[in-house]
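Presented below is the structure to which this report refers.
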Amino acid sequence: MPQVSVVILNYNGRPHLERFLPMLIAHTQGSDIVVADNNSTDDSVLFLQQEYPSIHLVQFSTNHGFAVGTTGYSISWIPIILYCSILILK
């Protein structure tokens with residue numbers, strides 16, 4: 001059973017997800033990973049669906065900012081939660 005749930009809030013952060021996720025997975029084997037996407041306009045969601053189908057993906061239809069975005073934890077059953085935010089403003 002995983003010991004920690006990692007919730008990543010993403011907005012247009014595909015390049016960062018590409019670099020961050022392999023390291024995260026390597027160092028947190030067995031952890032529950034949730035990416036809450038805040039209505040990205042890049043191809044973050046498609047990238048996650050194709051490359052990381054085992055990651056839980058929460059898609060928001062509008063960008064609600066950090067407070068609502070962190071509700072990605074609600075699909076996790078693990079009591080210890082680590083939040084990360086990947087935000088790229090254009």
(request) Can you run down the residue pairs with Cβ atoms below 8 Å, 6 or more apart or on separate chains, where the first is in the range 27-47 and closer than 11 Å to residue 14 by Cβ and without any contact (Cβ under 8 Å) to a residue 24 or more places away in the chain and the partner is acidic (Asp, Glu) and buried (at least 17 other Cβ atoms within 10 Å of the Cβ)? (result) 45/37
(message) Which numbered condition in (1) at pLDDT 90 or above; (2) hydrophobic (A, V, I, L, M, F, W, C); (3) within 12 Å of the chain's Cα centre (by Cα) is the only one that residue 8 fails?
(response) (1)
(request) Please specify each residue of the range 26-35 satisfying the condition of being of a type outside the set (Asp, Glu), surrounded by 12 or more Cβ atoms within 10 Å (Cβ to Cβ) and at pLDDT below 90. (result) 28, 31, 33, 34
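Yes/no per residue for (1) farther than 18 Å from residue 4 by Cβ; (2) in contact with a Gly (Cβ under 6 Å, 6 or more places away or on another chain); (3) at pLDDT below 90; (4) in a helix (DSSP H, G or I):
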residue	(1), (2), (3), (4)
40	yes, no, no, no
45	yes, no, no, yes
50	yes, no, no, yes
53	yes, no, no, no
70	no, no, yes, yes
73	no, no, yes, yes
78	no, no, yes, no
82	no, no, yes, no
85	no, no, yes, no
(request) Please determine, by comparing only the residues of the range 19-46 that are under 12 Å from the mean Cα position of the chain (by Cα) and charged (D, E, K, R), which one is farthest from residue 59 (Cα to Cα). (result) 32
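The values are calculated or read from the model by the stated rules, or taken from the named source; none is laboratory data. Given the structure is predicted, the values throughout are model-derived calculations rather than measurements. All Cβ positions, even for glycine, are placed from backbone atoms using ideal geometry, and neighbour counts span all protein chains on display.
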